[in-house]
1. For segment 2-93, run through the chymotrypsin sites (Phe, Trp or Tyr not before Pro) and keep only the ones in DSSP coil with at most 13 other Cβ atoms within 10 Å of their Cβ.
2. Between ASN188 and LEU100, with labels modelled 7 Å along Cα→Cβ, what's the label distance in nm to one decimal, could you check?
3. Restricting to DSSP H runs of at least four residues, report the calculated mean residue ellipticity at 222 nm for the chain, -39500 (n - 2.57) per run over all residues, nearest 500 deg cm²/dmol.
4. From the backbone phi of segment 163-170, what are the Karplus-calculated ³J(HN,Hα) couplings (6.51 cos²θ - 1.76 cosθ + 1.60, θ = phi - 60°) in whole Hz, Gly and Pro given as x?
5. Quick one: with all protein chains in place, what share of the accessible area of the chain is carbon or sulfur, to the nearest percent (1.4 Å probe)?
6. Counting Lys and Arg as +1 and Asp and Glu as -1, each charge on the Cβ, what is the dipole of the chain about the Cα centre in debye, to the nearest 20?
7. Once the piece of chain linking GLN31 and ALA69 is laid out straight, how much longer is it, given 0.36 nm per residue of separation minus the C-alpha distance between them?
8. If you take Rg and Dmax of the Cα atoms in Å from the coordinates, which of (i) 19.3, 79; (ii) 18.7, 67; (iii) 15.4, 49 do you get?
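The values are calculated or read from the model by the stated rules, or taken from the named source; none is laboratory data. Everything quoted here is computed from the prediction, not taken from an experiment. Neighbour counts are summed over all protein chains in view; Cβ atoms, including those assigned to glycine, are modelled from backbone coordinates with ideal geometry. Accessible surface areas use protein heavy atoms only, side chains included; no ligands, DNA or RNA. Shrake-Rupley method; radii C 1.70, N 1.55, O 1.52, S 1.80 Å.
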Amino acid sequence: MARPRQFDEERAVDAAMRAFWTAGYEATSTQDLCDATGLGRSSIYNTFTSKHELFERALGKYMATKNAATFAMLDGDESPRAKMRALLQQVVEAPEDDPLGCLVVNSMIELAPRDPDVAAALRKDQELRLAALTEVLESGRRAGEIAEDKDARELAHFVNATIAGMRVAARGGAGRDALEAIAATALNAL
């Protein structure tokens, strides 16, 4: 008879998510995952079967958590332009205890070119964000807050790329002033 698990699986996924977010997939060793989760190797492999499966769970949790906050903001009562400002400001004011950068962006660069499952998950995630951004930006066009001659879907790609770029810049050492300037420039482009 198998022993019951003595740990919270979701807390382990969260701890692994932070480890992958900080160091990336390849640089995060099994020992790093043991240290982060407080689990032994056998517990990790008995529960998640592989480092890759644990990574996929961690990436899924990251996307669901980040998207929930983003979609809640985009569904709010503020004007479309205020929503875009708040979205960009989230990057500027990232929580100090979060690792720098973005697990999605890091995974696009590190894994997507050679891992079709991760690439598919990232494409699906991106499409959800682009659809939400397009809807808000189209609403802004109708309200006269966004230039009428601009395509909402193209602007959604621009905003998405700007946010990704800001996260890369932050990971590369860009300070608050630089991130504020990028956000202001992006808002002016709308």
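1. Answer in residue order: PHE7.
2. Each label point is offset 7 Å from its Cα along the Cβ direction, giving 2.6 nm.
3. The helix contribution divided over the chain gives -24000 deg cm²/dmol.
4. Coupling constants for segment 163-170: 4, 4, x, 5, 5, 5, 4, 4 Hz.
5. Ligands and nucleic acids excluded, carbon and sulfur reach 52 percent.
6. 320
7. Once the chain is fully extended between GLN31 and ALA69, it gains 10.5 nm.
8. Entry (ii).
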